[in-house]
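Student: I'd like to ask some things about the structure below.
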Amino acid sequence: MFKFIENYFGFKSHETNLKQEMIAGTTTFLTMAYIIFVNPDILSATGMDKGALITVTILASFLGTMLAGVWGNVPFAMAPGMGLNAFFAFSLVIGKQVTWQTALGVVFLSGVFFLLLTLTGVRKWVVFAIPKEIRLATAAGIGLFITFIGFKGMGLIVSNPATLVGIGEMSTPVFLGLTGLAIIAVLEVLKIKGSILIGIITVTVVGMITGDASIPEKFISAPPSPAPILFQLDIIGALKWSLWGAIFSFIFVDLFDSLGTILACSYEAKLVKEDGSIDKIDQVLEADAVATIAGALLGTSTTTTYVESGAGIAEGGRTGFTSVVTALLFLLALLFTPFIAIVPAFATAPALVVVGVFMFKNVGIIDFSKFETGVPAFLTMILMPLTYSISMGLAVGFVSYCILGAFSGNFKKIHPLMWVIGVFSLIDIILNTI
């Protein structure tokens, strides 16, 4: 059995071994296991059954990560994406008053189109068409968006009729949430693996002591049934013209989120060839798309490649067996759903803030002195949290980029596909504001 694993994943050619791969896979799991707590908490705001969401989140993470490992033979892990889950819950369902069943239909369609873009090679055109500044601003804007949701979740930011938002009262949940944020930040500074997971568990346990979190009757049991959300997607309802902007937003964010993660992790894993091409990149993107389609059928938002894969790669993960180990640990987590189910919002909220910091960190690369790119980038970032919509931030960013690019004398430098995207975005803005 061990010989088959070594030969299938090519341990010798990748200069690794079984022990090294197992350590790497465990490390990756610890750094991204927080999604098991956070994703159900975010999506349950739509009215979806939280118990079912816990089971489905784990199954989607298991499936996507296993696909990356066995199909792509790369040490990359997948799970429902941060930011994309917030877009699903707060922009689509709560913001646009779309049913969660229809929103799952939107995710399904985005996965199908993402797969077609990858299989036909159109993906490369999209990559070249979108300017770097908009791509960087998208990640930063999503970071601001989920940070805002995080502070709102812990009760630090509340609504205010005079100023729209304000500071909430220093209640015990708020104090515990801020304590969790401090714990995670300190652990990150000390470079301790699994900092977010440690922070969530610590705050939850303290919350049990203070009476602000429930104590589970048992810690190990069979997982909740996924039946309340399984195969409940409404694909026909998602075909409305008003939702095509959302479908494109899911495709765009997933594409560049995955590409950015793959590029960053591939260099560390020594998967980049001498000519600069990345081995198995198409298989990884195909696995990403298939996992998104399967996730929508199961009942969760878009599945994407996780940058936390870099933690396992740093520990020596070089092949898909690293991902297989991570996937199996996700499956094992199904037994601990009673504890996961009682984790309160103020314990998961700090994770959103920290992930927001991670997503915002590359904003310094954007040159804001060039208004033709700086203004669209700024509008993309700032309008995501202010309009509570990732798609609106993207649409305004695309339209403003085309307009300012035309007046700056760079008309010919704008990719033809970007003009198509710009027109499509303008229509989406009009439909959503009239």
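Each value in this text was obtained by applying a stated rule to the coordinates, not by laboratory testing. On a predicted model such as this, the values are computed, not experimentally measured, just so you know. Quick reminder, even Gly has a Cβ in these numbers, built from the backbone with ideal geometry, and neighbours come from all protein chains shown.
Student: Please give the net charge around residue 432, taking every other residue with its beta carbon less than 15 angstrom from that of residue 432, where Lys and Arg add +1 and Asp and Glu add -1.
Tutor: Taking every other residue near residue 432 into account, the sum is +1.
Student: Right, something else. Checking understanding here: applying a Kyte-Doolittle mean of at least -0.5 and a length along the axis of at least 27 Å (C-alpha), which whole DSSP H helices in the chain pass?
Tutor: Qualifying helices: 50-70, 100-120, 132-154, 244-268.
Student: Between their Cα atoms, which of 370/413; 96/240; 132/413; 132/273; 3/280; 50/96 are more than 18 Å away from each other?
Tutor: 132/273; 3/280; 50/96
Student: Between region 386-413 and region 194-240, what is the separation of their alpha carbon centroids in Å?
Tutor: After rounding, the separation between the Cα centres reads 38 Å.
Student: Out of the trypsin sites (Lys or Arg not before Pro) in region 263-309, which ones are loop residues according to DSSP with at most 16 other C-beta atoms within 10 Å?
Tutor: The qualifying sites are 270, 273.
Student: Let me ask another. Starting with the highest mean, order 389-398, 4-13, 113-122, 418-427 by the number of other Cβ atoms within 10 Å, averaged over the residues of each peptide.
Tutor: 389-398, 418-427, 113-122, 4-13
Student: Here's a follow-up. In debye, nearest 20: dipole of region 21-357 around its Cα centre with unit charges on the Cβ of K, R (+) and D, E (-)?
Tutor: Dipole about the Cα centre, nearest 20: 240 debye.
Student: Let me ask you something else. Hey, got a sec? Which chymotrypsin sites (Phe, Trp or Tyr not before Pro) in region 170-242 land in a DSSP loop and have at most 15 other Cβ atoms within 10 Å?
Tutor: 219, 231
Student: Pull up all non-local amide H partners of residue 303: gap of 5 or more, or a different chain, and H-to-H distance under 5 Å with H placed in the peptide plane.
Tutor: 81, 292
Student: Just the projected area, averaged over all directions, of the convex hull on the alpha carbon atoms of region 169-235: how many nm²?
Tutor: Quarter of the Cα hull surface area: 8.2 nm².
Student: Report the one residue of 255, 161, 290 whose Cα lies farthest in the direction of the positive end of the charge dipole of the chain (charges on C-beta: Lys and Arg +1, Asp and Glu -1; origin at the Cα centre).
Tutor: Going by the Cα projections, it comes out as 255.
Student: What ranking, highest mean first, results for peptides 349-358, 128-137, 69-78, 362-371 when packing means the other Cβ atoms within 10 Å averaged over each residue?
Tutor: Per-residue Cβ counts within 10 Å, averaged per peptide and sorted highest first, yield 69-78, 349-358, 128-137, 362-371.
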